[in-house]
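Asks: Take a look at this one; I'll ask things after.
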Amino acid sequence: MVYMYNFDKEIKMLNFRKAVAIVLDKYPGPLITRYALALIIARLATEKTLRGEVVDIRIRSGIDNKFVQNKIKMLCNAGVIHEEADFPKNRVYRIWGRKARNPGEAACCVDPFCFLSHISAMAYHGITDRMPSIVQLSAPGPTDWRKFADERMRRDFAGLDVSRENFPKLERVGFYRIQGHPIRFYSTSHPGAFKTVPDSPLRVATLGRTFLDMLRQPKLCGGIRHAVDVYREYAESYLKLIVEEVDRNGTAIEKVRAGYLLEEVCGLEHEKIEGWRQFVQRGGSRKLDPNEAYGSEYSEKWCLSINI
């Protein structure tokens, strides 16, 4: 802490590195991207105060990429942050004294729109005995991701005296392995079907969405046989959540698949399941597993090839 005199008033000056450390102490996660770090730096440089104290920060030629990069280098040298090796150079930093508890948590720190999905979500929710080595994540496709990023940046830049053209941008960080675990991304057109884990940056597909994903992409959920076993064991406990998700976001064929599994395999009843009968197509060529060849077993009620 240093002091500076302004006429006869003593003004307490807060060291810039200390100011950033104070802000990072409240940051919700062990990892921070260059973009998020740049916002903190720009906010301190713009407002020049923190907790009623003046921040000692010198700006010579504006708050831009060069200014931000110099400050980040200073913070690294001071040990406030450390560059994280699992990600591209100068893109992701670990806050001193913290570590991601698992690869999914680290991924959610770096990509603000991704979430744990498929068999990784099944493992999180405790509805599979599989222990997948590959971490499966869902995120918006490139066009939607950019749209969400632009909307986020418009909100983030409110009140900041910076030029967006010459300032770090919210961009997708490419990564394929975290903490030794391979990472696989899948595009989703329903980015809102996740929940945030309390006291963690981790986001995970909801239980309802996870059961719907077993019908959409069984290969990513341990295979159709495993998906059927999970439905047999857990569908009764989570029937309301499954029915609500399938009814709201399932396609016609997904409603038919869910109807067959819930009614004929699990022996469960729900008023909405009967309503899904309207999506049955007689004489059609639908099948339970979308990835496999047709099977000889057939559900007359749901007009579905049971190709297991």
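The values are calculated or read from the model by the stated rules, or taken from the named source; none is laboratory data. Keep in mind that this is a model prediction, so the values were computed, not measured. Cβ placement follows ideal geometry from the backbone for every residue including glycine, while neighbour counts extend to all protein chains displayed. Just the protein is used for accessible areas: all its heavy atoms, side chains included, with ligands, DNA and RNA removed. Shrake-Rupley method; radii C 1.70, N 1.55, O 1.52, S 1.80 Å.
Asks: So, counting K/R as plus one and D/E as minus one, what does the shell of residues with Cβ under 15 Å around Met122 add up to?
Replies: Here the count lands on +3.
Asks: Right, next: Per residue, what accessible area does the chain have, given a 1.4 Å probe and all protein chains present, in Å²? Let's see the in-between values first.
Replies: Values: 15960 Å² over 308 residues.
It amounts to 52 Å² per residue over the chain.
Asks: Can you list the aspartates and glutamates whose alpha carbon is less than 15 Å from that of Lys255, not counting same-chain residues fewer than 8 positions off?
Replies: Of all the aspartates and glutamates, those that pass the test against Lys255 - Cα under 15 Å, at least 8 places apart if same chain - are Asp213, Glu244, Glu245, Asp247, Glu263, Glu264, Glu269, Glu271, Glu274, Asp289.
Asks: Moving to a separate point now. Extending each Cα 7 Å along its Cβ direction at Tyr176 and Ser296, get the distance between those two points in nm, one decimal.
Replies: Label-label distance for Tyr176 and Ser296, simple model: 4.4 nm.
Asks: Counting residues in segment 161-235 as N, plug N into 2.2 N^0.38 Å and put the Cα Rg over that result.
Replies: Computed over Cα atoms of segment 161-235, the ratio equals 1.54.
Asks: Hey, another quick one. Which log10 I(q)/I(0) values does the chain give at q = 0.10 Å⁻¹ under the Debye formula, counting every alpha carbon as one identical point scatterer?
Replies: Taken in order of the listed q values, log10 I(q)/I(0) reads -0.67.
Asks: Go ahead and estimate [θ] at 222 nm for the chain from helices alone: -39,500 (n - 2.57) per DSSP H run with n ≥ 4, summed, over the residue count, rounded to 500.
Replies: -11000 deg cm²/dmol
Asks: Can you tell me the FRET efficiency between Arg248 and Lys99 if r is taken as the Cβ-Cβ distance and R0 is 41 Å, rounded to the nearest 0.05?
Replies: Taking R0 as 41 Å, the efficiency between Arg248 and Lys99 is 0.65.
Asks: Using a 1.4 Å probe over the heavy atoms of the protein chains, calculate the carbon and sulfur portion of the accessible area of the chain as a whole percent.
Replies: 48
Asks: Keeping all protein chains in position, work out how much accessible area Tyr35 exposes to a 1.4 Å probe, and write it in Å² to the nearest 10.
Replies: The accessible area comes out at roughly 20 Å².
Asks: With a cut-off of 16 Å, note down the residues of segment 219-256 whose backbone N falls inside the zone around a label point 7 Å from the Cα of Glu264 toward its beta carbon.
Replies: Taking a point 7 Å out along Cα→Cβ of Glu264, the residues of segment 219-256 whose backbone N falls under 16 Å are 225, 228-229, 232, 253-256.
Asks: Okay, next question. Could you size up the charge dipole of segment 91-226 around its Cα centre, putting +1 on the beta carbon of Lys and Arg and -1 on that of Asp and Glu, and report it in debye to the nearest 20?
Replies: Here segment 91-226 has a charge dipole of around 280 debye.
Asks: Listed highest first by mean packing, meaning other Cβ atoms within 10 Å per residue, what order do 105-111, 194-200, 260-266 come in?
Replies: 105-111, 260-266, 194-200
Asks: How about segment 225-300: which trypsin sites (Lys or Arg not before Pro) there are in a DSSP loop, with at most 14 other Cβ atoms within 10 Å of their Cβ?
Replies: When the trypsin sites (Lys or Arg not before Pro) of segment 225-300 are filtered for loop state and at most 14 Cβ neighbours within 10 Å, Arg282 remain.
Asks: To continue, here is another question. In debye, nearest 20, what is the charge dipole magnitude of the chain about its Cα centre with +1 on Lys and Arg Cβ and -1 on Asp and Glu Cβ, if you could check? Could you put the intermediate results ahead of the total?
Replies: Details: 48 positive and 38 negative charges, 276 e Å.
That gives a dipole near 1320 debye.
Asks: Viscosity 1.567 mPa s, temperature 4 °C: what is the translational diffusion coefficient of segment 237-303 from Stokes-Einstein with a Kirkwood Rh over Cα pairs, rounded to a whole number of µm²/s?
Replies: Reported coefficient: 105 µm²/s.
Asks: Let me ask something additional. Multiplying the sequence separation of Cys76 and Thr196 by 0.36 nm and subtracting their Cα-Cα distance, what value in nm do you get?
Replies: Here the answer is 40.2 nm.
Asks: Could you check the spin-label model distance between Arg225 and Ser133? Points 7 Å from the Cα along Cα→Cβ, value in nm.
Replies: With each label placed 7 Å out from Cα toward Cβ, I get 2.1 nm.
Asks: How charged is the neighbourhood of Arg286? Take every other residue with its Cβ under 12 Å from the Cβ of Arg286, and add Lys/Arg as +1 and Asp/Glu as -1.
Replies: Result for the neighbourhood of Arg286: +2.
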